[in-house]
Every structure is written in C-alpha cells, then in structure tokens.
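Undergrad: Would you mind keeping the following structure in view while I ask a few things?
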Amino acid sequence: MTIKEEVLKNQIPQHIAIIMDGNGRWAKKRGNNRIFGHKNGVTAVRETVEAAAEIGVKYLTLYAFSTENWARPKDEVTALMSLLVESIHNELTTLLENNIKLRAIGNIDSLPGNVRQNLNQAIQKTSHCTGLTLILALSYSSRWEIIEAVKKISAEVKNNKLSIDAIDVQLFNQYLNTNEYPDPELLIRTSGELRISNFLLYQIAYTELYFTPVLWPDFRKDDFFKAILDYQKRERRFGKTSEQIKK
Ligand code: FPP
C-alpha cells in the first residue's frame, strides 16, 4: 500500500498550514547560496499544492515570507520577491486547470508594487475556483495581525459601533486576516526546528503540530501524506477527557 492509500479519506484535515523552513541549510549543504535553496523550494511548493488538491484538503496556508524576513540581506529579499512573481506567473494556468483559488494573508500593502499587482491579478483570476484554497502568508506575522485586529476593534468601540461586552472569541476571529477560513487542524514545520515563529498564533490554539527534519526543498508528496497519517493517529480532545471524546 502506498502512503497516500493509507490516508483515511474521511478524516482529511480541512485546513493545513505549513512553515516552509530549511531552504538556506539545503543550499549550504550543497555549497550554494541561500537563493538557490529558495529556487528549489518552489518544487516543494508545487508538490505540496498538488498533494493537497489530490487528497481533498480545502485550505492550505503557506508561510512564504514573514514580517521579520524583511530584515534579511537585501539581495535575498529581492530574490524572494522575484521568485514569488515568477512562480505566480508560471503557475497561474495550473491553478486554474486544477480549480485552485489563490488568496493571501499578511501586510500585502507592504509588498513591492509589482508583487502586489501580480498577486492581486492571480487572486482575481482564480476567484471563481471552488477546489483547494491556497493561502500565501506574505509579509505576515501573527503579532502584527493581532495588533491590527485590536486597533480595528478599539476604533469601533471608540465610535460606539461596538460594545466591549460583544468582544468574544468569535468576534475577534472576524477581525483577523483568516476570517474566511477555519482554524488549521494541522500545522507542519520542516527542517527540524521546533518553533512557531510568529505564525497563526491565535488560530493554532487547538491545532496538531507536526515537525519533520526534512528540509523544505526536499519535501515531497509522501512527506505531506505522512504528516496527515500522523495527524490521523492523534486524539483531538479540545480540553475534554478521552472518555468524553469517545462518547
Ligand atoms: C525558509 O527557509 C523559507 C523562506 C523564508 C521562504 C520560502 C519561500 C519559498 C519556498 C519560495 C517561494 C514561495 C512560493 C509560495 C512560490 P530559510 O531561508 O529560513 O532556511 P534556513 O532556516 O535553512 O536558513
């Protein structure tokens, strides 16, 4: 039986989020520069998106560029931005052919004009798609997102549009970038690092975490299916007891 066949088709997570890490180390191991690693990371992105679509995942969120990544060397930031534009351009037909809707979260206004333009165009062109929703986290950080939400809520309270008593988990959710998507059931991080790095902090309250030593450019469909298999073996209790869950 292949790994894909082992995956229980009636227990596929609706939403999977991924911290794609290890491009730099992958390149270094080959005596090459970090940008070479990012370029090879695009193959892993393609494989993962295909795998998610094949198996019926509804939402896939990829941490492609964090707020903190702006502090990387200028040539690396420029290369990552070009890679994004290039990938969006090259993959648009494939996205459309596979009924994949492209979306983005993060401080999109902070992206260079050409990136924003390309991204928005692809988002518009795929807006009618009803299969997988591919969400790119770009210039994203969770603390930024939460602070933005707090600012918007405060302004509404100040203008008497919202009462303080109405603020609860559900309302707060509506002010996050992810308001249209369910919380991820599974978060994958590659490269062996055991951290969350400012990604979807509010949304992962009950998310299952999966860490793999595989460096992102080496990540393939079977690695993705393995993560889902591991998730399917877990018992999600949401604070309740095991007995309560089994009832
Ligand atoms: C982390 O590896 C990876 C990134 C910061 C960028 C991820 C970008 C891509 C895979 C390419 C383009 C993306 C799309 C969606 C087309 P790292 O540089 O932190 O690796 P290291 O920890 O080994 O240094």
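The values are calculated or read from the model by the stated rules, or taken from the named source; none is laboratory data. Please read these numbers as outputs of a predicted model, since none were measured by experiment. Cβ coordinates were reconstructed from backbone atoms using ideal geometry, including for glycine residues, and neighbour counts include every protein chain displayed.
Undergrad: Please verify whether THR212 is under 30 Å from MET1 (Cα atoms) and either surrounded by 12 or more Cβ atoms within 10 Å (Cβ to Cβ) or touching a residue at least 12 places away in the same chain (Cβ under 8 Å) (or both), treating the condition exactly as stated.
TA: For THR212, the condition - under 30 Å from MET1 (Cα atoms) and either surrounded by 12 or more Cβ atoms within 10 Å (Cβ to Cβ) or touching a residue at least 12 places away in the same chain (Cβ under 8 Å) (or both) - is met.
Undergrad: For residues that are more than 11 Å from the ligand (Cβ to nearest atom) and at positive phi, scanning just the range 188-204, find the one that is surrounded by the most Cβ atoms within 10 Å (Cβ to Cβ).
TA: LEU200
Undergrad: Quick one: in the range 142-160, which of the residues that are free of Cβ contacts under 8 Å to residues at least 12 places away in the same chain and of a type in the set (D, E, K, R) is farthest from PHE172 (Cα to Cα)?
TA: LYS158
Undergrad: Just checking: which of the helices (runs of 4 or more DSSP H) contained wholly in the range 1-64 hold 1 or more residues that are more than 16 Å from the chain's Cα centre (by Cα) and under 14 Å from PHE224 (Cβ atoms)?
TA: On the way: elements: 3-6, 23-29, 34-55.
Fully inside the range 1-64 and qualifying: 3-6, 34-55.
Undergrad: If you don't mind, another one. Just checking, how many residues over the range 28-48 are more than 8 Å from the ligand (Cβ to nearest atom) and of a type outside the set (D, E, K, R)?
TA: The total comes to 8.
Undergrad: Still on this model: Applying the selection to the range 207-219, what residues are part of a strand (DSSP E or B) and of a type in the set (A, V, I, L, M)?
TA: LEU209, the sole residue that qualifies.
Undergrad: Look through the range 91-105, keep the residues that are among the aliphatic types (A, V, I, L, M) and not in a helix (DSSP H, G or I), and return whichever of them is farthest from ALA79 (Cα to Cα).
TA: ILE100
Undergrad: Return the residues of the range 161-187 that are among the aromatic types (Phe, Trp, Tyr) and either touching a residue at least 60 places away in the same chain (Cβ under 8 Å) or buried (at least 16 other Cβ atoms within 10 Å of the Cβ) (or both); say none if nothing qualifies.
TA: Initial filter on the range 161-187 (among the aromatic types (Phe, Trp, Tyr)): 172, 175, 181.
Selection gives TYR175, TYR181.
Undergrad: List the residue pairs whose Cβ atoms are under 6 Å apart, where the first residue sits in the range 3-28 and is over 17 Å from TYR59 (Cβ atoms), the second is crowded, with 24+ Cβ neighbours inside 10 Å and among the aromatic types (Phe, Trp, Tyr), and the two are 6 or more positions apart or on different chains.
TA: ASP21/TRP216; GLY22/TRP216; ASN23/TRP216
Undergrad: Does LEU102 qualify as being crowded, with 20+ Cβ neighbours inside 10 Å, within 16 Å of the chain's Cα centre (by Cα), within 13 Å of the ligand (Cβ to nearest atom) and at pLDDT 95 or above?
TA: yes
Undergrad: Take the conditions touching a residue at least 60 places away in the same chain (Cβ under 8 Å), in a loop (DSSP other than H, G, I, E, B) and farther than 21 Å from LYS58 by Cβ and apply them to SER191. Does it pass?
TA: Judged against the criteria, SER191 is a match.
Undergrad: Right, another one. Would you point out which residue out of SER82, SER139 is in contact with a strand residue (DSSP E or B) (Cβ under 7 Å, 6 or more places away or on another chain), of a type outside the set (A, V, I, L, M) and within 13 Å of the ligand (Cβ to nearest atom)?
TA: From the options SER82, SER139, the qualifying one is SER139.
Undergrad: Right, next: Looking at the range 62-73, which of its residues are among the aromatic types (Phe, Trp, Tyr) and more than 8 Å from the ligand (Cβ to nearest atom)?
TA: First, pick out the residues of the range 62-73 that are among the aromatic types (Phe, Trp, Tyr): 63, 65, 70.
TRP70 - this is the single residue of the range 62-73 that is among the aromatic types (Phe, Trp, Tyr) and more than 8 Å from the ligand (Cβ to nearest atom).
Undergrad: Could you check ILE204 against (1) in a loop (DSSP other than H, G, I, E, B); (2) farther than 14 Å from ILE16 by Cα; (3) at pLDDT 95 or above and say which number it fails?
TA: For ILE204, the exception is condition (2).
Undergrad: Same structure, new question: Of the conditions (1) among the aromatic types (Phe, Trp, Tyr); (2) within 11 Å of the ligand (Cβ to nearest atom); (3) more than 15 Å from ARG116 (Cβ to Cβ), TYR59 satisfies every one except a single condition; which number is it?
TA: Failing condition for TYR59: (2).
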